[in-house]
1. Let me check I've understood the local charge: for residue 25, count other residues with C-beta under 14 angstrom from its C-beta, Lys and Arg +1, Asp and Glu -1. What total comes out?
2. Determine the calculated [θ] at 222 nm for the chain from helices alone, applying -39500 (n - 2.57) to every DSSP H run no shorter than 4 residues and normalising by the residue count; nearest 500 deg cm²/dmol.
3. Translational diffusion coefficient, Stokes-Einstein: compute it for the chain using the Kirkwood radius over C-alpha pairs as Rh, at 4 °C and 1.567 mPa s, and state it as an integer in µm² s⁻¹.
4. Quick one: net charge around residue 119, please, counting Lys, Arg +1 and Asp, Glu -1 for every other residue with C-beta under 15 Å from its C-beta.
5. Quick one: order 105, 81, 8 by neighbouring beta-carbon count within 10 Å, fewest to most.
6. What base-10 log of the normalised intensity I(q)/I(0) is obtained for region 59-112 from the Debye formula, alpha carbons as equal point scatterers, at q = 0.18, 0.23, 0.27 Å⁻¹?
7. About the Cα centre, and with charges only on the beta carbon of Lys, Arg (+1) and Asp, Glu (-1), how big is the dipole of region 36-117? Nearest 20 debye, please.
Amino acid sequence: MTTTDDRRNVILEQPRASGNPYRAWNDGLWDCGNNYTNSFLTAFCYTCMTCYLYEKYGEGCLTPCIIPMSAMVLTVQHRNRNGIRGNILEDCLTHAVCSPCAMCRLYRDMQFVEEIKGSLN
């Protein structure tokens, strides 16, 4: 006979990480006015801006000239690398509705990541 309580604590669920590991985009899709230079370059030289963003990630500059919807591909890559909420369907629809706005948002978010981390890689 024991006088102490012999019951054991059984863990029924694994502990969960606190908080959400994903973040929102640093800026909104329609906030192109937050960087007029980027907006102007994207509006009048979309392919050049896409090539520039590919180069910032260390990818080939001619990739946008070869791959259709390459801007969406870069958006998916950036979103996955930096833990941004969303999915490929949202990215596809965003680029279908207003690809220049999506590229401006991507540029602004890449600048944000560079300020926080020091680089994109």
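Bear in mind these aren't lab numbers, they're just calculated from the coordinates by the rules spelled out. Please read these numbers as outputs of a predicted model, since none were measured by experiment. Counting neighbours? That spans all protein chains shown, and the Cβs are built from the backbone with ideal geometry, glycine included.
1. Values: positive: 23, 79, 81, 85, 105, 108; negative: 27, 31, 90, 91, 109.
Result for the local shell: +1.
2. Details: 5 runs with 66 residues, N = 121.
Calculated mean residue ellipticity at 222 nm is -17500 deg cm²/dmol.
3. Details: Rh = 16.5 Å.
Here the translational diffusion coefficient equals 79 µm²/s.
4. On the way: positive: 56, 81, 117; negative: 55, 59, 109, 114, 115.
Counting the neighbours of residue 119, the net charge comes to -2.
5. On the way: 105 24, 81 12, 8 5.
Final ranking by Cβ density, sparse to dense: 8, 81, 105.
6. Scattering profile of region 59-112, log10 relative to I(0): -0.56, -0.93, -1.22.
7. Around 120 debye, computed over region 36-117.
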